[in-house]
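Below is one structure, written out as structure tokens; the observations come after it.
The values are calculated or read from the model by the stated rules, or taken from the named source; none is laboratory data. Model, not experiment: these values are computed from the prediction. Cβ coordinates were reconstructed from backbone atoms using ideal geometry, including for glycine residues, and neighbour counts include every protein chain displayed.
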Amino acid sequence: MTKNHQPESDLAAEFRRLGENFKDALQAAWESEERKNLSREIQTGLNAFGESIGQAADEFIESPTGQRVRADLDDLAEKVESGEVVNGVREKLLEVLRKVNVDIEEALERLTTPAEDPHADSE
């Protein structure tokens, strides 16, 4: 029985050793100067990216196109606040609902009206 038990304990010990080695490797990689340098590079790059995006947005806002977009947005906001947009949507919705109701009423009329018997005239 000792011989059978020996391989199992060796297997468990090797898995334990593998786990410890893996943990140590991850910890060493995390604490390495290379990882810290990479982290700093990424942070610096993201900061530069953010500054570039901010600058591009500022330039767009000041451009003629940006000014037109801003004016269009202001105009839309005024229409929404005044109720003009809501009234337009309400009118279109009412128009569509009326049309749907007419179509349903016509379909119901066709379904509920008895069909004429083609033989009724010949008798």
Across (1) modelled with pLDDT under 90; (2) touching a helix residue (DSSP H, G or I) at 6+ places or on another chain (Cβ under 9 Å), N87 clears everything bar (2)
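For the range 39-68, name all the residues that are among the β-branched types (V, I, T) and out of contact with any helix residue (DSSP H, G or I) (no Cβ under 8 Å at 6 or more places or on another chain).
I42, T44, I53, T65
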